[in-house]
Amino acid sequence: MRVVCKDKDYGWIVYASKNSEKNYWQIKIFMDEHTCPRETKNRMSNRKWLACKLVKKPRKYHNLKHFEAAQYFKTKYDLDLNKSSLTRALGDTRAIVYGDATVQYGMVKDYGLTLLKSNLGSTMTVGVIPQPNPDDDPIFDKILDGTYLKTQHGRQILFAIDQDSNNHIYMIVYAIVP
């Protein structure tokens, strides 16, 4: 096996061969005069590879910023990435971690039916803004969300919010549940 510097003028080379008797690789030639400037761009760092390396970050840091991801790749892998490839990788990473929002919203009616089956006597409505084309994805009128309360009881608060004609957001109802 022979490994050389990309720029032939700098003379860095490693030559290794496999020792057949003892089944290991041995370095035969090593010229360590490597003075060429370091490359910080790598065409092999594609979108899929970047997303794979970033996937743990949004789980730990929910609001991972663009510059934080760029700084992570610069310090960990010594890579300078262009903005568009990093943006695409962050989008892919968020899709892996948080799932596809379109698919989740498409299942709202199923969630509601499951809620009605498990809580007999409950009522549930899904408010949507009518679309001219019935095949278009619905635009939801009200938003139901929840978050964990960081208290000693470890409960969850669920809330429904709406937006008025002045674009002010207000809470309709909330519940604290186990």
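The values are calculated or read from the model by the stated rules, or taken from the named source; none is laboratory data. Source: prediction; values computed, not measured. Note: ideal-geometry Cβ built from the backbone for every residue, glycine included; neighbour counts use all protein chains shown. With ligands, DNA and RNA removed, areas are computed over all heavy atoms of the protein, side chains included. Shrake-Rupley method; radii C 1.70, N 1.55, O 1.52, S 1.80 Å.
Extension gain, residue 162-residue 55: 0.36 nm per intervening residue step, less the Cα-Cα distance, totals 35.3 nm. First measure r as the distance between the Cβ atoms of residue 26 and residue 76, then evaluate 1/(1 + (r/R0)^6) with R0 = 45 Å and state the FRET efficiency to the nearest 0.05. For R0 = 45 Å, the calculated efficiency reads 0.90. A 1.4 Å probe, protein heavy atoms only, puts the accessible area of residue 96 near 100 Å². Here the extension length gained between residue 85 and residue 108 equals 5.0 nm, from 0.36 nm per residue of separation less the Cα-Cα distance. Scoring 53-63, 157-167 by mean Cβ neighbours within 10 Å over their residues and listing the highest first yields 53-63, 157-167. Highest mean packing first, where packing is the average number of other Cβ atoms within 10 Å per residue, the peptides 85-95, 69-79, 15-25 line up as 85-95, 69-79, 15-25.
Heavy-atom accessible surface of residue 52, to the nearest 10 Å², is about 90 Å², with a 1.4 Å probe and all protein chains retained. Taking each of 56/83; 6/53; 57/83 in turn, the alpha-carbon distance tops 24 angstrom for 6/53.
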